[in-house]
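Below is one structure; the comments refer to it alone.
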Amino acid sequence: MGENLLEIKGLCKHFNLKKSIFEKNKKVLHAVDDVTLEIKKGETLGLVGESGCGKTTLGRTVVKLYEPTSGEIVYDNKNITNLNFQEMKSFRRKIQMIFQDPYASLNPRQTIGDIIKEPMEIHNLYEEKNRDKKVLEILELVGLNSSHMSRYPHEFSGGQRQRVGIARALACDPEFIVCDEPISALDVSIQAQIINTLEDLQKKLGLTYLFIAHDLSMVKHISDRVGIMYLGK
Ligand SMILES: Nc1ncnc2c1ncn2[C@@H]1O[C@H](COP(=O)(O)OP(=O)(O)O)[C@@H](O)[C@H]1O
Ligand SMILES: [Mg+2]
């Protein structure tokens, strides 16, 4: 540990809100407002803040699901702030996200096997005949097994579904994962299991995490350092 994997400098993400007919000026919402942080290789940075303070927006901007309004994102010493879609493709593979609501982020009409295979197809990873084997490896890594491959998301419990979400993020062999409140929607009894899985995976695969949560209790446990976010700052 020592080298920075991710550096964010003065990052802003503003949303233009629709103005009503009674308002003269356009309203702009400063969801992320001048955020600067660094994450070292292999580290977990916790990010905590109350609901609505801009955590998800920050996470989505970092993985470039949102275009930043201003500021800089440097990944592995390369400035990725203004890369276009094509140039971003190789980084998309390395930078993944795990979402808060695993049910909403998984396609209900796809089997688990297809859900995990899809990123491999998009990024043209592994030979086609080897992909099923790879899916199986990943399922076992996240605590699922071969019998789950042909099932659909609704057949799983919340915790298992989040494991599928994690498996999908792992499908293209990433380096850095934004975990956006991955346990907030789960039963308390299952939260610790998912945290343990994420910690095991970090050790085995050398992953770097930005771990977002709205309270300190779990973040304290998993993070090397913790940042607090308040009103976009
Ligand atoms: N796509 C969007 N368009 C307009 N406003 C948004 C959008 N996404 C989030 N916001 C607003 O940005 C603020 C931060 O939201 P969010 O990043 O989801 O916070 P958190 O994840 O910390 O709960 C909120 O006020 C939210 O309403
Ligand atoms: Mg959020």
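The values are calculated or read from the model by the stated rules, or taken from the named source; none is laboratory data. Since the structure is predicted, the reported quantities are computational estimates derived from the model, not experimental observations. Note: ideal-geometry Cβ built from the backbone for every residue, glycine included; neighbour counts use all protein chains shown. For accessibility, only protein heavy atoms count, side chains too; no ligands or nucleic acids. Shrake-Rupley method; radii C 1.70, N 1.55, O 1.52, S 1.80 Å.
Candidates Ile190, His214, Leu170 compared by Cα position along the dipole of region 165-233: farthest toward the positive end lies His214, with charges placed on Cβ.
A Cβ-based charge dipole, computed about the Cα centre of the chain with Lys and Arg at +1 and Asp and Glu at -1, lands at about 600 debye. Helix 112-122 and the long axis of the chain differ in direction by around 60°, with both axes built from C-alpha atoms.
A 1.4 Å probe run over the protein chains yields, for region 138-233, 44 Å² of accessible area per residue, whole-number rounding. The mean accessible area for residues of region 35-106, using a 1.4 Å probe and ignoring ligands and nucleic acids, is 46 Å² per residue.
Scattering from the chain was approximated by placing one identical point on each alpha carbon and applying the Debye formula without solvent; log10 I(q)/I(0) at 0.12, 0.13 1/Å stands at -0.68, -0.80. For the chain, the relative contact order comes to 30 percent (Cα pairs under 8 Å, sequence separation of at least 6). Of the residues Val142, Val28, Val48, the one that moves most in a GNM of the chain with alpha-carbon contacts below 10 Å is Val28.
Taking each DSSP H run with n ≥ 4 as -39500 (n - 2.57) and averaging over every residue of the chain yields -10500 deg cm²/dmol at 222 nm. Tally Lys/Arg at +1 and Asp/Glu at -1 over every other residue whose Cβ is under 12 Å from the Cβ of Gln191; what's the total? Charge balance near Gln191 sits at -3.
In this structure the amide hydrogen of Glu43, modeled in the peptide plane, comes within under 5 Å of the amide hydrogens of Tyr209, none closer than 5 places in sequence on its chain. Sequentially through region 182-199, phi angles give Karplus couplings (6.51, -1.76, 1.60; θ = phi - 60°) of x, 10, 5, 8, 9, 4, 4, 5, 9, 4, 5, 5, 5, 4, 4, 4, 4, 5 Hz, Gly and Pro residues having no value and appearing as x.
When the pairs Lys19/Lys89; Lys41/Lys117; Lys13/Lys41; Lys19/Lys233 are compared against a 29 Å limit on Cα-Cα distance, Lys19/Lys89 fall above it. Considering only Asn4, Ser20, Ala104, whose Cα is most displaced toward the positive end of the charge dipole of region 1-116, charges sitting on Cβ of Lys, Arg (+1) and Asp, Glu (-1)? Final value for the positive-end residue is Ser20. Considering only alpha-carbon pairs that sit under 8 angstrom and 6 or more positions apart, the relative contact order computed for region 105-233 is 24 percent. The gain in end-to-end length when the Ile122 to Ala104 segment is fully stretched comes to 4.4 nm, 0.36 nm per residue minus the alpha carbon separation. Measuring nothing but protein heavy atoms, the accessible surface of region 137-233 at 1.4 Å probe radius is 49 percent carbon and sulfur. Structure remark: mean-square fluctuation, Gaussian network model of the chain, C-alpha springs under 10 Å; the largest value among Pro68, Pro153, Pro108 belongs to Pro108. Near Val178, the amide H atoms lying under 5 Å from its own belong to Gln96, Met97, Ile98, Leu210; only residues 5 or more places off or on other chains count, and H is placed 1.01 Å from N.
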